[in-house]
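The values are calculated or read from the model by the stated rules, or taken from the named source; none is laboratory data. These numbers were taken from a predicted model, which means no experiment stands behind them. Counting neighbours? That spans all protein chains shown, and the Cβs are built from the backbone with ideal geometry, glycine included. These area figures cover heavy atoms from the full protein model, side chains too; ligands, DNA and RNA do not enter into them. Shrake-Rupley method; radii C 1.70, N 1.55, O 1.52, S 1.80 Å.
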Amino acid sequence: MHGGLLSSKQWETTPDGRMGWFEYFTRQGFPTYLAEQTGRARSGFNGTIFNQVKNKSLPPEAQPKVFLGTSSMAWKVFRFGPELGKAWPDIQFPVEAINEFSKQVIPDMIETQVPSLLGELIEPETKNPTVANVADLAADLGGAILVGHSQSAGFPTQAVLKGKGGIKGLIQLETGCFSNLTDEQVKALAEVPILVLIGDYMGSNPASACEKEMEQIKVAGGDITFLSLPDVGIKGSTHMFMQGQENIRVADVLIDWIDDHVAQ
């Protein structure tokens, strides 16, 4: 599942034309599915509410937010460097192809699907249709490893809590932890191995929400792993490490974890 302001294009190739994770994981024998967030890119959104505001059948404040990305914002949030146009010296992301990456950035209309973007990031329970859809897919497949990145990093956890089964493992790329899990939710998550993976330029320690979640799940007998890429010898990774020069090395880190922790 892709992150904010992006689509599942982020997994297909890299901005400079190298193999992306979709092809690589498929070549490694994984039946691989690209999940488009509902209302984004190839999954169309319901524009009715915008027309209702326009014709005044709904008040202006009923219109949901549309999040737009700027070059300056993306440069900092994706950790390409300290300021627009200035890259970290050891960066792995192909900044020479930044214009190609910019073409992947699209309006983020998540609030046409959910009441609050913040709520999706901090609440383990959700009515987000994307989460419901991937939970259904995992159940239909009878066994899936769910991967979420950035905005969607918590979606795999939320999918487990739908209670539909079929989820063999969770991979959270760039956080996605919850600090407000109930005992019952912790018990459900302790049944599924979890990997939390972060890139470079953000410290090597888990965020406070991850520390609490990890402690709870381990006490409950669960299997949760936190990895910082610099700590496993991969330096210079940005928020978009699935598109950097190191993307295959990072993919192999995930595959090694799957081999060691997920029942086949």
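Using only Cα atoms, locate the centre of the range 178-254 and the centre of the range 19-67, then give the distance between them in Å, rounded to an integer. What the calculation gives is 26 Å, centre to centre. The fraction of accessible area contributed by carbon and sulfur in the range 1-135 is 56 percent, rounded to a whole number (1.4 Å probe; ligands and nucleic acids excluded). A DSSP coil position with no more than 15 other Cβ atoms inside 10 Å describes the following trypsin sites (Lys or Arg not before Pro) in the range 41-146: Arg42, Lys56, Lys65, Lys103, Lys127.
When the alpha carbon coordinates of the range 1-130 are projected onto the principal axes, the ranges are 52, 39, 28 Å, largest first. The residues of the range 169-235 expose on average 42 square angstrom of accessible surface per residue, using a 1.4 Å probe on protein heavy atoms.
Lys54: which lysines have alpha carbons under 27 Å from its alpha carbon, excluding same-chain residues fewer than 8 sequence positions away? Excluding near neighbours in sequence, the set is Lys65, Lys127. Put simply, the Cα atoms of the range 117-264 extend 37, 31, 31 Å along their principal axes, the longest span coming first. Here the simple spin-label model places points 7 Å from the Cα toward Cβ, and for Asn99 and Thr225 these points are separated by 4.1 nm.
Neighbours of Gln158, meaning other residues whose beta-carbon lies under 9 angstrom from its beta-carbon, give a summed charge of -2 when Lys and Arg score +1 and Asp and Glu score -1. Semi-axis lengths, largest first, of the ellipsoid equivalent to the chain are 27, 25, 18 Å, with √(5λ) applied to each eigenvalue of the Cα gyration tensor.
Per residue, the chain reaches -9000 deg cm²/dmol at 222 nm when only DSSP H runs of four or more residues are counted, each adding -39500 (n - 2.57).
I need the helices of the chain that pass two filters: whole DSSP H segments spanning 30 Å or more by Cα along the axis, and mean Kyte-Doolittle score no lower than -0.5. Spell out each step's value before the answer.
Details: long enough: none.
Span-like helices in the chain: none at all.
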